[in-house]
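Right, one structure below, let's go through it.
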């Protein structure tokens, strides 16, 4: 049996297009509330509407609250935002989205591909300047001490 792994085959880093993130959420049954960050154009994919995010400390208030409140805010943020880069690369839904959308799944500076690794074989994703490759133990030359 083979396991499919999504990786980025181009320099720049792993990222998904907005279309891919929305399709991923649709298949997963997630309701998203996308919001563009105006300064940098980054999109936050909120899992809750604005009126349910009151436990998140605003940028303006960040330095006014205690460390404990900051930690709680960070924890709540992690629960309320879908971070595309944190999706497991072997998530069958992610694999499906990349295969289904093809080039349309690519985020900025990304060229997503799917590799197959034999189930039970150790692998890792090596990265240099954002370009990734899926490597197994057999792909390396080992030396004996």
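Read-outs: derived from the displayed coordinates by stated rules, not from any lab. It should be emphasised that the depicted structure is a prediction, and the values quoted were computed from it without experimental measurement. Positions of Cβ are generated from backbone atoms using ideal geometry, with glycine treated the same way; all protein chains shown enter the neighbour counts.
Structure notes:
- Counting only alpha carbon atoms, the long axis of helix 18-28 and the longest principal axis of the chain meet at about 90°.
- Range of Cα positions in the stretch 63-109 per principal axis (Å), largest first: 46, 22, 13
- To the nearest ten degrees, helix 92-101 and the longest principal axis of the Cα atoms of the chain are 80 degrees apart.
- Cα gyration tensor category, rounded, prolate or oblate, for the stretch 97-141 with a/c compared to 1.5: oblate
- Packing around the peptides 54-63, 23-32, 10-19, taken as the average count of other Cβ atoms within 10 Å per residue, puts them in this order, highest first: 10-19, 23-32, 54-63.
- Percentage relative contact order, the chain, counting C-alpha pairs under 8 Å, at least six apart: 45
- Degrees, to the nearest 10: 67-80 long Cα axis against longest axis of the chain: 60
- When each of the peptides 105-111, 78-84 is scored by the mean number of other C-beta atoms lying within 10 Å of its residues, the order from highest to lowest reads 105-111, 78-84.
- Across the alpha-carbon set of the stretch 15-92, the Rg to Rh ratio works out to 1.00, Rh being the Kirkwood radius.
- Computed across the chain, the Kirkwood hydrodynamic radius from all distinct Cα-Cα pairs reaches 17.4 Å.
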